[in-house]
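Submitted below is the structure of interest, expressed as structure tokens.
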Amino acid sequence: MADAFENILGQPKVRDFLRASVMHDRVSHAYLFCGPTGSNKMTAAYALAQAVMCPKGPQGPRGGQCGSCDACSRILRRKHPDVVLLHPEGASGYLIEQVRELVASASLAPIQAKRKVYIIDEADRLGTKAANAFLKTLEEPPSDVVFILLARIREGVLPTIVSRCQVVPFRHIPAHEAAGILAQNTGASLDKCRIAIESCGGSITRAVEFLKSNERLAFRSQVLEAMERLRNADDWDVLCMAKDLVLLSKAPLDVVRAEQEEELAKNADFLAKSAIRQIEARNKRALSARSVESLRQLSSIVASWLRDVLVLCAETPELVINVDVRGALEDAALAVDEACVAEALAAVRRCNEAISYNVSPETCIDGLLLEVRDALCGARSRAGKRAC
């Protein structure tokens, strides 16, 4: 079985650096992974967690993990109780209470393994107060703890945090290159890989999962169908579309929730109450993260449809990504202009910001579809005024 580092697609330098760190026992107590969305930072974080926590240690000349033990399996499925993923829970970023809980948790012994790994997503949203509550632990962590912070750019993270971490830069992977890497690793056609990359916001890792999931492919079809109907929908129709799409986006969470409950039931008799509480908290965070991921996928699919309409308006049809709905895209492009589509894409950006600030899914998607509908109807309104 290939080691987890092989899954860090499109980042050969990062892959080699992390492998060497594990092989030569030079794993730092804290890392800062910096790179744009879709650059596989999260995959790299879990690969490093697997490498440092595999009880069999580095395997073979390349420093891979066994990939088959219980610890490796749990980390690959993101269900290991000693690998904790954190997301900002406040409207403006991480709450001080969150960081204090993290500090307290880091001081406790691992539940199952010999080490603990904390993956802190969106570390650029650690404000001054939250960062100050974290600094001492980050500077002098327990010997059995590794922190992995993820951020878009190094400059977005407070210097006091950066100075206490090993900084690992991740490069931007252009969409055409990402599609090629995806095709090479999945055997899917290049057209399907381009669609998957766009539907997943540029993330190769999520695109791999997307191509394997009939549910996600069906979800994309539903979103594109809604976009086709949107221009002629009244407010009530739009709100009904939004409700249906939110329900569809939440469907995978039921499976995740059932798996979590089954996993906890299996281990409840063997764990202390404090460990059970930690696992329940971790499960809640995982569900929240998956919910955000589903919403972002919805907005990415909407953005890809709008982008295709825009390139058709600009008379560059060779750049269309969603080739399977070209007819609907051409019809939409005939009824709008570039300025209207640009307004609609701005609405998608605002929706993504609202998602980041934990606005309710229903509110996010209601607002997105209404704004996009109004933007796409703008050309019609202007044409009507000119005719008058």
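Read the figures in this text as sums done on the coordinates, not as results from a lab. All values reported here derive from a predicted model rather than from experimental measurement. Backbone-built Cβ (ideal geometry, glycine too); neighbour counts: all protein chains shown.
Considering every pair of different Cα atoms, what Kirkwood radius, in Å, is found for the chain?
On the way: mean 1/r = 0.0446 Å⁻¹.
Hydrodynamic radius (Kirkwood, Cα pairs) of the chain is 22.4 Å.
With the Cα gyration tensor of the stretch 74-145 giving a ≥ b ≥ c as the square roots of its eigenvalues, does the rule (a/c under 1.5 for rounded; else a/b larger than b/c for prolate; else oblate) give rounded, prolate or oblate?
Details: a/c = 2.43, a/b = 1.42, b/c = 1.71.
Note, shape of the stretch 74-145 comes out oblate.
Tell me whether the stretch 1-48 comes out rounded, prolate or oblate; compute the Cα gyration tensor, take square roots of the eigenvalues as a ≥ b ≥ c, and use a/c under 1.5 as the rounded threshold.
oblate
Tally Lys/Arg at +1 and Asp/Glu at -1 over every other residue whose Cβ is under 15 Å from the Cβ of Leu158; what's the total?
Working: positive: Arg125, Lys129, Lys136, Arg152, Arg154, Arg164; negative: Glu122, Asp124, Glu139, Glu155.
Value of the local net charge: +2.
Expressed as a whole percent, how much of the Cα-Cα distance distribution for the stretch 332-382 exceeds 13 Å?
54 percent
Taking K and R as +1 and D and E as -1, what net charge do the other residues with C-beta under 9 Å from the C-beta of Ala347 add up to? Kindly include the intermediate steps, with their values, before the conclusion.
Values: positive: Arg349, Arg350; negative: Glu343, Glu371, Asp374.
Taking every Cβ under 9 Å from that of Ala347, the sum is -1.
Determine the sum of side-chain charges near Pro36: Lys and Arg each +1, Asp and Glu each -1, restricted to other residues whose C-beta is under 11 angstrom from that of Pro36.
+3
Here is a follow-up. What do you get for Rg/Rh of the stretch 94-236 when both radii come from the Cα atoms and Rh is the Kirkwood radius?
Ratio value, two decimals: 1.11.
Evaluate Rg over Rh across the stretch 152-240, taking Cα atoms for both radii and Kirkwood's formula for Rh.
Radius of gyration relative to Kirkwood radius: 1.17.
Grab the DSSP H runs of the chain that are 4 residues or longer, score each as -39,500 (n - 2.57), total them, divide by all residues and round the 222 nm result to the nearest 500 deg cm²/dmol.
Computed ellipticity for the chain at 222 nm equals -20000 deg cm²/dmol.
Among 40-48, 242-250, what's the highest-first ranking by average C-beta atoms within 10 angstrom per residue?
40-48, 242-250
Using mean Cβ contacts within 10 Å as the protection proxy, how do 229-236, 297-304 order, highest first?
In descending order of packing, they fall as 297-304, 229-236.
Compute the Rg to Rh ratio over the stretch 1-143 from the alpha carbon atoms, using the Kirkwood formula for Rh, and round to two decimal places.
So for the stretch 1-143, dividing Rg by the Kirkwood Rh gives 0.96.
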